[in-house]
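Just so you know, all these numbers are worked out from the coordinates, no wet-lab data involved. In this text the structure is predicted, and so the values were computed from the model without any measurement. Using ideal geometry, Cβ is built from the backbone for each residue, glycine included, and neighbour counts are taken over all protein chains shown.
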Amino acid sequence: MTQVADRVRHILDALPEGVLLVAAAKTRSPEEVREACEAGLRAVGHNYIQEGQAMREALDDLDIRWHFIGPLQRNKARHAVRSFDVVETVDSLRLARALDKRCRIEGRTLPVLLEVNSGREASKHGVLPGDVAELARQVSQLEHLRVHGLMTMGPFTGDPEASRPYFVITRRLFDELGAMDLPGVEMAWLSMGMSNSWQVAVQEGANIVRIGTAIFGPRA
Ligand SMILES: *Cc1c(COP(=O)(O)O)cnc(C)c1O
């Protein structure tokens, strides 16, 4: 068994039932991702449109769901809609409208997650916690998008416990939005936690974890 396959099996075994492992595949080769898929991985996340498209083509024979997990520019909406099954990083109405327009042209609906800037960091993407409900309401009115949950990164310190408060904030928003019962909004997926923090994220309610390094090793 390869090291990548071994690590994927290990993580899949450790994840509670119902938690989806998304392999964060930026900078990796299609061959590395194929190994991960052969060990049972079912979803791959990409931060870059072109690299993601090329990887999807190279792995076309596999049954995988493709998640877009990077910052998305509006002028790339067409490519995102064509090549990804889910966009986890919607953080503005303008971006949502651009995606909706492309979906209309392509004749599809797109599940999206709203990215929350849970640490209120000036340098980070994502909608501020206090603005999430309003964005959800607005996006839910777009005909071709389906709001299916929230995603957050949180400030990165290297200490997994330092991430916990940001996961808690996001989980609380997730529950609040779910309780609001907005038409067209279904709070099904809560995407949080990376290689160093996924255990903490799962404890705080994540049901998608996005993991790169702990599967593929350090990035070059
Ligand atoms: C790279 C990346 C990850 C995974 O990071 P690792 O620390 O390598 O596990 C998760 N989410 C996003 C949005 C990323 O860009």
Practice item. Collect the residues in segment 132-149 that are surrounded by fewer than 16 Cβ atoms within 10 Å (Cβ to Cβ), part of a helix (DSSP H, G or I) and not polar (S, T, N, Q), keeping them in residue-number order. Key: E134
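Quick grid of which residues meet (1) within 15 Å of the ligand (Cβ to nearest atom); (2) over 18 Å from L190 (Cα atoms):
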position: I49; (1), (2): yes, yes
position: L62; (1), (2): no, yes
position: Q73; (1), (2): no, yes
position: R78; (1), (2): no, yes
position: D85; (1), (2): no, no
**Study point:** Residues that are free of Cβ contacts under 8 Å to residues at least 60 places away in the same chain and under 20 Å from L20 (Cβ atoms), drawn from segment 146-162
**Key:** R146, V147, G149, L150, T152, M153, G154, P160
Revision key, fill the gap. Counting only residues that are surrounded by fewer than 19 Cβ atoms within 10 Å (Cβ to Cβ) and either under 16 Å from the mean Cα position of the chain (by Cα) or in a helix (DSSP H, G or I) (or both), segment 57-72 contains a total of 4
Review point. Looking at segment 206-218, is at least one residue on the phi < 0 side of the Ramachandran plot, in contact with a Gly (Cβ under 7 Å, 6 or more places away or on another chain), away from the ligand (no atom under 14 Å from the Cβ) and touching a residue at least 60 places away in the same chain (Cβ under 8 Å)?
Key: yes
